[in-house]
Amino acid sequence: MKNFCLQTQDNFTIRGDIYKPDGNIKGGVIINSATAVKKIFYEPFATFLANNGFVVLTYDYRGIGSSKPNSPSSEKKLTMNAWGKLDFDAVIQWAKNKFPQIQWHCVGHSVGGQLVGLAPNNKELESVYCVAAQNGYWKNWRWRDRFRVFAIWYLLVPFFTKVLGRVPGALLGGESLPASIAIEWARWCRHPDFIIDENNQPIREHFESLDIKMRFLAISDDFSFAPIKAVKALIGFYRNADSEYHLVDSQKISNRNLGHFGFFKRANQDSLWGDALNWLNDDTNQRA
């Protein structure tokens with residue numbers, strides 16, 4: 001594993017890691033992280049894919065982990081929209097320039113599956129494999145969970161961003177989230193159209209123009225972050241993609257809950273990672 005660094009169109013520095021196979025290269029995979037989750041979390045999965053012939057890139061979005069801004073003046077550039085429109089877009093372009101001879105795929109975890117639809121150059125990808133990627137509108141959650149989700153977006157995020165200038169990582173399952181990102185995220189999750197611009201209009205251009213193969217995994221016990229209804233609701237954003245939906249039954253996989261993060265844990269390598277590898281191998285072989 002080696003480090004890489006790139007500049008986005010708005011001159012923000014994004015840092016990531018690159019994993020290379022020892023032998024022949026089948027293709028490339030960009031891993032899009034979940035919200036507030038550092039790239040290092042995906043190291044076991046990235047190593048697994050590299051050991052099976054893929055060049056793999058992991059990276060931190062602006063404001064997260066190794067991609068935090070160096071100066072206060074850069075704080076205004078921290079938005080969730082920019083994670084897809086600028087950060088992911090720049091990573092795709094860097095990958096294509098660095099390895100022009102291979103086909104590139106994306107594995108998107110949670111928000112990482114949403115960001116695919118914000119990148120203007122997402123058609124450079126050959127396929128996308130989404131794990132617990134969801135439409136975050138709060139009414140996509142079960143009735144019994146809606147009060148908790150309502151409280152997060154209407155009460156806790158406004159409170160913490162005003163008082164602390166950030167949202168504590170304990171609320172998100174990752175590290176602390178800068179205020180500007182959390183505020184935009186909460187605004188999206190309160191709105192029925194979810195991903196919206198400053199005028200509350202739906203952002204759909206690059207979602208709807210994408211016509212590649214996509215696979216969406218829902219986790220049966222992921223009630224907190226990506227319930228089944230929310231996963232299915234996101235699929236509709238990619239209306240022209242060749243999409244597949246698959247439900248992972250946690251009880252058949254593990255004695256413990258998988259939840260939102262279990263897919264990428266090394267303990268589930270034998271039971272879950274093969275599906276992602278088969279997806280990538282099949283798509284790569286079809287285009288060979």
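The values are calculated or read from the model by the stated rules, or taken from the named source; none is laboratory data. Computed from a prediction, not measured in an experiment: that's the story for all the values here. Neighbour counts run over all protein chains shown; Cβ positions are idealised from the backbone, glycine included.
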Practice task
Out of LEU164, LEU118, report the one residue that is touching a helix residue (DSSP H, G or I) at 6+ places or on another chain (Cβ under 9 Å), buried (at least 18 other Cβ atoms within 10 Å of the Cβ) and under 29 Å from ASN11 (Cβ atoms).
Solution key: LEU118
Practice task
Evaluate the following for GLY169: is it farther than 17 Å from CYS189 by Cα, touching a helix residue (DSSP H, G or I) at 6+ places or on another chain (Cβ under 6 Å) and at pLDDT below 95?
Solution key: no
Problem - Filter result (basic (Lys, Arg) and part of a helix (DSSP H, G or I)) within the stretch 136-156 - result: LYS139, ARG144, ARG146, ARG148
Exercise for the section: Check LYS39, LYS85, LYS2 and return the single one that is free of Cβ contacts under 8 Å to residues at least 60 places away in the same chain and over 19 Å from the mean Cα position of the chain (by Cα). Expected result: LYS2
Practice task
Out of SER127, SER110, report the one residue that is touching a His at 6+ places or on another chain (Cβ under 8 Å), over 19 Å from GLY259 (Cα atoms) and crowded, with 19+ Cβ neighbours inside 10 Å.
Solution key: SER127
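Kindly indicate whether any position in the stretch 182-194 is small (Gly, Ala, Ser), in contact with a helix residue (DSSP H, G or I) (Cβ under 9 Å, 6 or more places away or on another chain) and crowded, with 17+ Cβ neighbours inside 10 Å.
yes
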Exercise for the section: Could you tell me which numbered condition SER250 fails, if it satisfies all but one of (1) surrounded by 12 or more Cβ atoms within 10 Å (Cβ to Cβ); (2) touching a helix residue (DSSP H, G or I) at 6+ places or on another chain (Cβ under 7 Å); (3) not charged (D, E, K, R)? Expected result: (2)
Exercise for the section: Kindly indicate whether PHE261 is under 16 Å from TRP153 (Cβ atoms), in contact (Cβ under 8 Å) with a residue 12 or more places away in the chain and not acidic (Asp, Glu). Expected result: no
Exercise for the section: Just name the residue that is surrounded by the most Cβ atoms within 10 Å (Cβ to Cβ) out of those in the stretch 255-271 that are under 18 Å from the mean Cα position of the chain (by Cα) and part of a helix (DSSP H, G or I). Expected result: PHE264
Completion exercise
Checking ALA133, ALA233, ALA218 in turn, the sole residue that is part of a loop (DSSP other than H, G, I, E, B), under 26 Å from HIS246 (Cα atoms), modelled with pLDDT of 95 or more and hydrophobic (A, V, I, L, M, F, W, C) turns out to be ALA133
Practice task
Test ALA119 against the criterion of being under 23 Å from ALA36 (Cβ atoms), touching an Asp or Glu at 6+ places or on another chain (Cβ under 9 Å) and touching a residue at least 12 places away in the same chain (Cβ under 8 Å), and give yes or no.
Solution key: yes
